[in-house]
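Here's the structure we're looking at; comments come further down.
The values are calculated or read from the model by the stated rules, or taken from the named source; none is laboratory data. This is a predicted model, so every value here is computed, not measured. Please note: Cβ atoms are built from the backbone with ideal geometry, for glycine as well, and neighbour counts cover all protein chains shown.
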Ligand SMILES: *Cc1c(COP(=O)(O)O)cnc(C)c1O
């Protein structure tokens, strides 16, 4: 375990060491990383963001009455986001640290609204299409709200409105739709869900975390886009990340409400202690103003025309990826992507092997495990820097498919699956978890400076892909519980 060094380390040495730590990290710039990071293709945008971030790095957004500029920045950023989503008078919102926080805030707001207005509801629930983001399950877990998961159409991957209507019961407080869903990049039938929400008097949240910013631009560029925003009657709230496709630094999202009556239940005040009076809009109390200032700066610097130009390239790049993959015999696009996200699967080749082959060729493409009726697949987030490198991506994808083909498709191992299904994660001891993790290639966590993380991940993914969900979740927790040891 490290201790604070007895004497301070020289400035150059500090930065040398930081630089060395990063040698195995994914590239964040240049477009070869097709998930997690978003590169607009404008190198100067990083400078704009960095400068604004640093200007507000040390300010504390805890109390807007002492940093009124932070209140102004937040209202302006929320205003830009809301107008982008065709908000009318009365729409309000807040800046949060990310999509997860935005979603957790709306689930809390709806739960607390129900506590006040529907006191007869003891176990509030929300109806989720199976494609809804994990953040809703996390919110349910944290705030003790039940989830009712409903199927999606197996060819379009869109929410099944009738199934959601049938799932509504007396305890239902919230319906959820995505625009777009992360896994398949499609918009749920939001206009129909809006009608359902109005008819049954429930709240409807639209998760526009990853698609919300992109879709209005794609619509204006002529792509067919299902309506999803505040122009749709019945939509009561929308989450939209800025740190994805608005190209602002991490720690930036907004949660928007059609009116302040519901938003009120998101806010938290505490006067029951001896210190300063606490009033928080979101989770955090003390927080830097950096991400907010950077979001404000990037959105103002690019402006609508800057974003249009980025999304014009993004739409072309997405179409080129789809066409290229459609032409490959072994790969198949799942559904018809409506934004800049593409999922592809294969009946003949193990997609996890393709991911590893691509990694060796210097690309990061994201493996998605099989879940429910969605087969294991590869996810790509196309961005502003993608267009010029699509041909290289497709060429290397073809090479990776060739390299992986001899091993055939991801065959479920019946014996392993049978064994895994007999394991009750609640009853396993620590030694068994050690053995399971080791057998999956997730064993070694020697506490050297360079944490031993696996180079090839196909084996791990293949094992996880066959685990029952509860075991998979527990294995991941056990793994991280071993990984984060100082
Ligand atoms: C990314 C994402 C989230 C979660 O956002 P974070 O910023 O990672 O917390 C929620 N919903 C969708 C559809 C997303 O793509």
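Only residues that are crowded, with 24+ Cβ neighbours inside 10 Å and within 21 Å of residue 84 (Cβ to Cβ) were counted across segment 191-208, and they come to 6. So which residues in segment 1-26 are touching a residue at least 60 places away in the same chain (Cβ under 8 Å), within 26 Å of residue 382 (Cα to Cα) and assigned to a loop (DSSP other than H, G, I, E, B), if there are any at all? Passing the criteria: only 26.
Close Cβ contacts (under 6 Å, 6 or more residues apart or on different chains) running from residues in segment 172-190 that are in contact (Cβ under 8 Å) with a residue 12 or more places away in the chain to residues that are near the ligand (Cβ under 9 Å from one of its atoms) and in a strand (DSSP E or B) comprise 178/207; 185/341; 188/178. Is it fair to say residue 395 is closer than 30 Å to residue 245 by Cα, free of Cβ contacts under 8 Å to residues at least 12 places away in the same chain and out of contact with any helix residue (DSSP H, G or I) (no Cβ under 6 Å at 6 or more places or on another chain)? Yes.
For segment 79-114, the set of residues classified as away from the ligand (no atom under 13 Å from the Cβ), more than 18 Å from residue 200 (Cα to Cα) and assigned to a helix (DSSP H, G or I) consists of 79, 80, 81, 82, 83, 84, 108, 109, 112, listed by residue number.
Scanning segment 222-234 finds no residues that are surrounded by fewer than 23 Cβ atoms within 10 Å (Cβ to Cβ), away from the ligand (no atom under 13 Å from the Cβ) and not in a loop (DSSP other than H, G, I, E, B). The set of residues in segment 302-321 that are under 13 Å from residue 393 (Cα atoms) and touching a helix residue (DSSP H, G or I) at 6+ places or on another chain (Cβ under 8 Å) comprises 317, 320, 321.
All of 124, 68 fail the test of being modelled with pLDDT of 95 or more and more than 18 Å from residue 242 (Cα to Cα), apart from 124. Taking first residues from segment 234-248 that are closer than 11 Å to residue 209 by Cβ and partners that are away from the ligand (no atom under 13 Å from the Cβ) and part of a loop (DSSP other than H, G, I, E, B), the Cβ contacts under 8 Å between residues at least 6 apart in sequence or on separate chains come to 238/85; 238/229; 238/230; 240/85; 245/383. If I filter segment 27-49 down to residues being in a helix (DSSP H, G or I) and touching a residue at least 12 places away in the same chain (Cβ under 8 Å), which single residue comes out as nearest to residue 391 (Cα to Cα)? Looking at residues that are in a helix (DSSP H, G or I) and touching a residue at least 12 places away in the same chain (Cβ under 8 Å), I get 43.
On the given criteria, is residue 71 assigned to a loop (DSSP other than H, G, I, E, B) and more than 22 Å from residue 209 (Cα to Cα)? Considered against the rule, which asks whether it is assigned to a loop (DSSP other than H, G, I, E, B) and more than 22 Å from residue 209 (Cα to Cα), residue 71 comes out as no. Would you mind finding the one in 324, 251, 222 that is in contact with a helix residue (DSSP H, G or I) (Cβ under 8 Å, 6 or more places away or on another chain) and over 30 Å from residue 402 (Cβ atoms)? The unique qualifying residue is 251. In the condition set (1) at pLDDT below 95; (2) in contact with a strand residue (DSSP E or B) (Cβ under 7 Å, 6 or more places away or on another chain); (3) over 18 Å from residue 459 (Cα atoms), residue 430 is compliant with all but (2). Only one of the numbered conditions (1) buried (at least 20 other Cβ atoms within 10 Å of the Cβ); (2) assigned to a loop (DSSP other than H, G, I, E, B) is violated by residue 265, and that is (2). Can you tell me which residue in segment 144-180 is farthest from residue 228 (Cα to Cα), limited to those that are surrounded by fewer than 19 Cβ atoms within 10 Å (Cβ to Cβ) and under 20 Å from the mean Cα position of the chain (by Cα)? So the residue we want is 147. Do we find that residue 245 is within 25 Å of residue 344 (Cβ to Cβ), more than 16 Å from the ligand (Cβ to nearest atom) and buried (at least 21 other Cβ atoms within 10 Å of the Cβ) in this structure? Here the answer is no, as residue 245 does not meet what is asked. Per the listing 211, 251, the residue uniquely within 12 Å of the ligand (Cβ to nearest atom), buried (at least 22 other Cβ atoms within 10 Å of the Cβ) and not in a strand (DSSP E or B) is 211. Residue-level analysis places residue 63 outside the set of residues that are in a loop (DSSP other than H, G, I, E, B) and closer than 27 Å to residue 341 by Cα.
The condition of being in contact with a strand residue (DSSP E or B) (Cβ under 8 Å, 6 or more places away or on another chain) and more than 11 Å from the ligand (Cβ to nearest atom) does not hold for residue 218. Residues that are touching a residue at least 24 places away in the same chain (Cβ under 8 Å), away from the ligand (no atom under 13 Å from the Cβ) and over 20 Å from residue 190 (Cβ atoms) were ranked within segment 122-143; the one that is farthest from the chain's Cα centre (by Cα) is 122. Among the residues of segment 149-194, those identified as away from the ligand (no atom under 16 Å from the Cβ), in a strand (DSSP E or B) and either touching a strand residue (DSSP E or B) at 6+ places or on another chain (Cβ under 6 Å) or modelled with pLDDT under 95 (or both) are 150, 172.
Residues of segment 334-358 that are more than 29 Å from residue 223 (Cβ to Cβ) and surrounded by fewer than 17 Cβ atoms within 10 Å (Cβ to Cβ): 348 alone. Number of residues in segment 455-471 that are in a helix (DSSP H, G or I) and over 23 Å from residue 407 (Cβ atoms): the value is 3.
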